[in-house]
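To keep things clear, I will list the structure first and then write my remarks on it.
The values are calculated or read from the model by the stated rules, or taken from the named source; none is laboratory data. From a predicted model like this one, the values you see are computed outputs, not experimental measurements. With ideal geometry, Cβ positions are generated from the backbone for all residues, glycine too; neighbour counts draw on all protein chains shown.
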Amino acid sequence: MLNDLNILIVEDEALLAMEVSMTLEDHGADIVGPYSSVSSALADCDAADAAVLDVDLCGEPVFPLADRLKEQGVPFIFHTGRADLDTLRRRYGEEVKVLPKPADVDSFGPMLARMVRRKGQPAT
């Protein structure tokens with residue numbers, strides 16, 4: 001379902017980052033990262049077809065990266081335990097995708113595939 005798509009993972013919890021990465025690889029994705037900081041993820045975000053972003057990275061907000069992805073038209077999911085949904089909707093629109101932690105990571109693959117298809121890229 002995510003064959004040949006580059007999915008950027010930005011998550012500061014190492015075990016969770018590994019779980020999300022392995023699950024998306026099982027869906028056929030190529031993983032960019034995972035990264036635990038905005039600065040490291042910004043260096044490789046141009047390679048991403050879609051992304052899974054934790055909002056709070058050890059106290060550092062992921063917003064500069066999410067802003068860049070939005071500017072580039074790269075779809076993303078916020079996966080977070082601390083985010084204010086109203087703030088995210090004001091900043092990224094009503095259609096912003098937010099999955100509260102702990103979310104079923106198996107749902108990420110189908111959701112990302114739909115988001116990429118909607119953007120106009122093939123998701124096989």
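Taking the condition of being in contact with a strand residue (DSSP E or B) (Cβ under 6 Å, 6 or more places away or on another chain) and either part of a helix (DSSP H, G or I) or not β-branched (Val, Ile, Thr) (or both), how many residues in the range 7-24 meet it?
Residues meeting the conditions: 7.
In the range 7-30, how many residues are under 11 Å from the mean Cα position of the chain (by Cα), farther than 19 Å from PRO61 by Cβ and free of Cβ contacts under 8 Å to residues at least 60 places away in the same chain?
1
Across the range 109-124, which residue is surrounded by the fewest Cβ atoms within 10 Å (Cβ to Cβ) among those that are modelled with pLDDT under 75 and either on the phi > 0 side of the Ramachandran plot or in a helix (DSSP H, G or I) (or both)?
Applying the filter and picking the extreme gives GLY120.
If you check every pair at least six apart or on different chains, which have Cβ atoms under 7 Å apart with a residue in the range 54-72 that is in contact (Cβ under 8 Å) with a residue 24 or more places away in the chain first and a residue that is assigned to a helix (DSSP H, G or I) and among the β-branched types (Val, Ile, Thr) second?
So the pair list comes out as LEU57/VAL38; VAL62/VAL38; PRO64/VAL38; LEU65/VAL38.
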